[in-house]
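**Student:** What follows is a single structure, and I will ask about it in a moment.
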Amino acid sequence: MSAPDPILVVENLTMRFGGLVAIDALSFEAERGDITAIIGPNGAGKTTVFNCLTGFYRPTGGSIVIRHADGTTYPLHRLVQHRIAKHARVARTFQNIRLFGGMTVLENLMVAQHNRLMGEGGRTPFALMGFGPFQKREAAAVERARAWLDRVGLTPRADDPAAALPYGAQRRLEIARAMCMEPVILCLDEPAAGLNPRESEELNDLLRSIKAEGTSILLIEHDMSVVMRISDRVVVLDYGQKIADGPPDAVRDDPKVIAAYLGVEEEEALAVDAALHQE
Amino acid sequence: MSGAAPRGMAAIVRDAGLAALIALGVGAPLLGLRTEPVGRGLTLIPRPGLLLSVVAAVFVGRILVGLFMAQRALRRRVISPAPRAMLAPPGFRSWLGRAAGPAMLAFALLLPFMPGIGRYEIDLGTLVLTYVMLGWGLNIVVGLAGLLDLGYVAFYAVGAYSYALLAKHLEIGFWAALPLTGLCSAVWGIILGFPVLRLRGDYLAIVTLAFGEIIRIVLLNWVGLTGGPNGMSGIPRPSFFGLPFSMAGGEGTFAGFFGLEPSPLHRIIFLYYLILALALVTNFVTIRLRRHPIGRAWEALREDEVASRALGLSVVAVKLTAFATGALFGGFAGAFFATRQGFISPESFTFIESALILAIVVLGGMGSQIGVATAAVVMIGGFELFRDLEQFRMLVFGLAMVAIMVWRPRGLVSSREPSVALGARKMVGAEHVAEGRG
């Protein structure tokens, strides 16, 4: 086993909304190149973690740090939101798909490359008027978008409005859009929700190929067939606290996790567990 | 079709009979009887003929309406999966879409030299083009970025007053002052933008409305600078790149330089082409920006602000550039207005102007350049067309607006052209395009 090289370090993350504690001193790490799943019952605080991570919420306490491969660190809990995507290169998708519905599939992928295009001489007056070397950059961005469309099988729909796509295709497009940002970590909020088994299988393949290319993935998912088969590590939340953390097999058999999912008291679960072992 | 028709027909006749009965009830006292002064008293004169013809008209009219509605429902049901565009031949539609722009441009370019076009028509053309330009400017803010701005006239006013002040006090010529007035308005666009960054929808609309009023009231009360309600007069007229328009003729004037007979029409025509050029610049810049990452960011913001933020768009930068760009063109139009009129006062910059410009954008179809231009022609031209109707002018105009919004709820040109495409560009239907909430 190699030395730990976490890409994401969350320490004592706390998020309060008034009196409600949505996340309570949560600490976990995500290894570079891994698929880390965050699971837990409804209302456990999973999406809140994502919202803290991507700057939609400013955490009440604690820290979230991204470490790039070159050693640069970005404290996400202090960063202005658009810098999280731009500099720390954290991309995310949403539980309820959020595409630019009236824009075409291709345009969705072009918007994702906004910062790169603007950075590469997009601010010169020539570029603003659509002349000069900027056009080459734009063409390269279209090529990058097309490569992703090929990968998610949406090239024939490239010029259709995103809102006109079927549900499964919208999910794939949202992932492709996030990947067009060329993130170091991709945060997926229930990517398998509403997919049929075949689409779910395709999603697994896609996520494995993204991982193989070196992008780390953070995954919120309810579909255990996805979680157990593709994740390298599982973090389990309940009522804003971490109740288990480890490889999928270990977490699956953890009595606390079973208790949280089945809604039994912990003592009871332990008792049940003990009873089973005695027999 | 044949199965549904008889039952439908009976219902239609029954419905028409009911309508006729109501017409009879209402009409009998109102139309059926007429009071006539006879001697010292009044007599009632029955008018059964009039009453019967009205009732008959209601009956027949109601049947026709019923048949029309039934027909339409049927047609919808039969071809419901197909888009409504199928009703018109698709080839004709796309041909119309492609040809409309160049045709309108050619008409605008040739207008002053068409036979039968006099001073009044050119003046009207200038007015229409001013609103085309304002509509295109506001279109950036409302149509592309989806930010509902009810105070756009503020930037028009800033442009007009900054040109008047620059020209009168610093004696800067029109062409040198133009970029400065644009800059001035753009700065005010950013000043407005900052406090409203967090506001959305109705709240944004109210604050921008207030901003428009603040500017007007400041202009009204800062008598030392703006002349207050008396306005500013004697604003220098534009020259033809240094050659003034003068009735005297002679060396160094426009007419003298080109060896023409001096005519008051020269300046009118020059102003017409000036606003045409300014409007075309607005159009060109908007078209270019739409295909630039900035323009795409505006539209992304309109479609979904949360997703835009997750993709690393700086909402602050996107909103401020939209406000500033829109304000810039409003400022240019204002400078033109000031130099054309030679006199400006806060009277010209009331809320009704903002409402008119917004109506042009909404009527034209938010985001559509050709739609906004058409709407400006319809609105401003419509005002003139109905002038003969005197006090009923606004009534007829309002009815026409309601009719258009019922017929085309998302504006005259509601479909959106993609900014980039792998294959052929396909228009995006209005049902997919967001209206923007921020």
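Matching residues to (1) surrounded by 10 or more Cβ atoms within 10 Å (Cβ to Cβ); (2) modelled with pLDDT of 80 or more; (3) of a type in the set (A, V, I, L, M); (4) in a helix (DSSP H, G or I):
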site	(1), (2), (3), (4)
B:VAL54	yes, yes, yes, yes
B:GLY66	yes, yes, no, yes
B:ALA73	yes, no, yes, yes
B:SER94	yes, no, no, yes
B:ALA108	yes, yes, yes, yes
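**Student:** Considering only region B:8-44, state which residues are assigned to a strand (DSSP E or B) and open to solvent by less than 70 Å² (accessible area, probe 1.4 Å).
**Tutor:** If the condition is that a residue be assigned to a strand (DSSP E or B) and open to solvent by less than 70 Å² (accessible area, probe 1.4 Å), then B:GLU36, B:GLY41, B:THR43 are the ones that fit.
**Student:** If I filter region A:149-167 for residues that are closer than 23 Å to B:VAL306 by Cα, open to solvent by 10 Å² or more (accessible area, probe 1.4 Å) and more than 13 Å from chain B (Cβ to nearest Cβ), do I get at least one hit?
**Tutor:** yes
**Student:** Kindly establish whether A:GLY101 is at the interface with chain B (Cβ under 9 Å from one of its Cβ atoms) and either in contact with a helix residue (DSSP H, G or I) (Cβ under 8 Å, 6 or more places away or on another chain) or modelled with pLDDT of 90 or more (or both).
**Tutor:** In short, yes.
**Student:** Test each condition in (1) closer than 23 Å to B:LEU134 by Cα; (2) open to solvent by 10 Å² or more (accessible area, probe 1.4 Å) for B:PRO346 and report the one that comes out false.
**Tutor:** (2)
**Student:** While we're here: Taking interchain pairs and intrachain pairs at least six residues apart, which have beta carbon atoms under 8 angstrom, with the first residue in region B:309-327 and more than 11 Å from B:ALA186 (Cβ to Cβ) and the second not in a helix (DSSP H, G or I) and not aliphatic (A, V, I, L, M)?
**Tutor:** If the second residue must be not in a helix (DSSP H, G or I) and not aliphatic (A, V, I, L, M), the pairs left are B:ARG309/A:GLY55; B:ARG309/A:PHE56; B:ALA310/A:THR54; B:ALA310/A:PHE56; B:ALA310/A:ARG92; B:ALA310/A:PHE94; B:ALA310/A:ARG98; B:LYS319/B:GLY438.
**Student:** As an exercise: evaluate A:GLY40 against (1) over 17 Å from A:TYR57 (Cα atoms); (2) at pLDDT 90 or above and give the number of the one condition it does not meet.
**Tutor:** Here A:GLY40 clears every test but (2).
**Student:** Can you pull out every residue in region A:8-28 that is touching a Pro at 6+ places or on another chain (Cβ under 7 Å) and of a type in the set (A, V, I, L, M, F, W, C)?
**Tutor:** A:LEU13, A:MET15
**Student:** Under 8 Å between Cβ atoms, which residue pairs at least 6 apart in sequence (or on different chains) link something in region B:39-52 that is in contact (Cβ under 8 Å) with a residue 24 or more places away in the chain with a partner that is surrounded by 11 or more Cβ atoms within 10 Å (Cβ to Cβ) and assigned to a helix (DSSP H, G or I)?
**Tutor:** B:LEU51/B:LEU24; B:LEU51/B:GLY27; B:LEU51/B:ALA28
**Student:** Of everything in region B:123-173 that's charged (D, E, K, R) and in a helix (DSSP H, G or I), which residue is least open to solvent (accessible area, probe 1.4 Å)?
**Tutor:** B:ASP123
**Student:** Got a number for residues in region A:207-222 being surrounded by fewer than 18 Cβ atoms within 10 Å (Cβ to Cβ) and farther than 14 Å from A:ALA30 by Cα?
**Tutor:** Result for region A:207-222: 5.
Listed here are the residues, each with its yes/no results for (1) in contact (Cβ under 8 Å) with a residue 24 or more places away in the chain; (2) facing chain A (nearest Cβ under 8 Å); (3) open to solvent by less than 50 Å² (accessible area, probe 1.4 Å); (4) under 23 Å from B:VAL315 (Cα atoms).
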{"position": "B:LEU399", "(1), (2), (3), (4)": "no, no, no, no"}
{"position": "B:TRP407", "(1), (2), (3), (4)": "no, no, no, no"}
{"position": "B:GLY411", "(1), (2), (3), (4)": "yes, no, yes, no"}
{"position": "B:ARG416", "(1), (2), (3), (4)": "yes, yes, yes, yes"}
{"position": "B:LYS426", "(1), (2), (3), (4)": "no, yes, no, no"}
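**Student:** Filter region B:334-351 for residues that are under 11 Å from B:GLY234 (Cα atoms) and of a type in the set (Gly, Ala, Ser); which is farthest from the chain's Cα centre (by Cα)?
**Tutor:** B:GLY342
**Student:** In addition: Hey, can you tell me all the residues within region A:32-78 that are within 14 Å of chain B (Cβ to nearest Cβ), open to solvent by 30 Å² or more (accessible area, probe 1.4 Å) and either of a type in the set (Asp, Glu) or assigned to a loop (DSSP other than H, G, I, E, B) (or both)?
**Tutor:** Within region A:32-78, A:PHE56, A:TYR57, A:ARG58 qualify.
**Student:** Considering A:ARG144, A:ARG177, which residue is within 19 Å of A:ALA91 (Cα to Cα), open to solvent by 10 Å² or more (accessible area, probe 1.4 Å) and at pLDDT 90 or above?
**Tutor:** It is A:ARG144.
**Student:** Does B:GLY367 qualify as being within 14 Å of chain A (Cβ to nearest Cβ), at pLDDT below 90 and in contact with a helix residue (DSSP H, G or I) (Cβ under 8 Å, 6 or more places away or on another chain)?
**Tutor:** Yes.
**Student:** Go through region B:287-327 residue by residue and tally those that are crowded, with 21+ Cβ neighbours inside 10 Å, farther than 17 Å from A:MET103 by Cβ and more than 7 Å from chain A (Cβ to nearest Cβ).
**Tutor:** 7
**Student:** Condition check: more than 10 Å from chain B (Cβ to nearest Cβ) and buried (at least 24 other Cβ atoms within 10 Å of the Cβ). Does A:ILE84 satisfy that?
**Tutor:** Against the criterion (more than 10 Å from chain B (Cβ to nearest Cβ) and buried (at least 24 other Cβ atoms within 10 Å of the Cβ)), A:ILE84 does not qualify.
The values are calculated or read from the model by the stated rules, or taken from the named source; none is laboratory data. For clarity, every value in this text was computed on a predicted model and none was experimentally measured. Cβ sites come from the backbone with ideal geometry, for glycine too, and all protein chains shown count toward neighbours. SASA here: full protein model, heavy atoms, side chains in, ligands and nucleic acids out. Shrake-Rupley method; radii C 1.70, N 1.55, O 1.52, S 1.80 Å.
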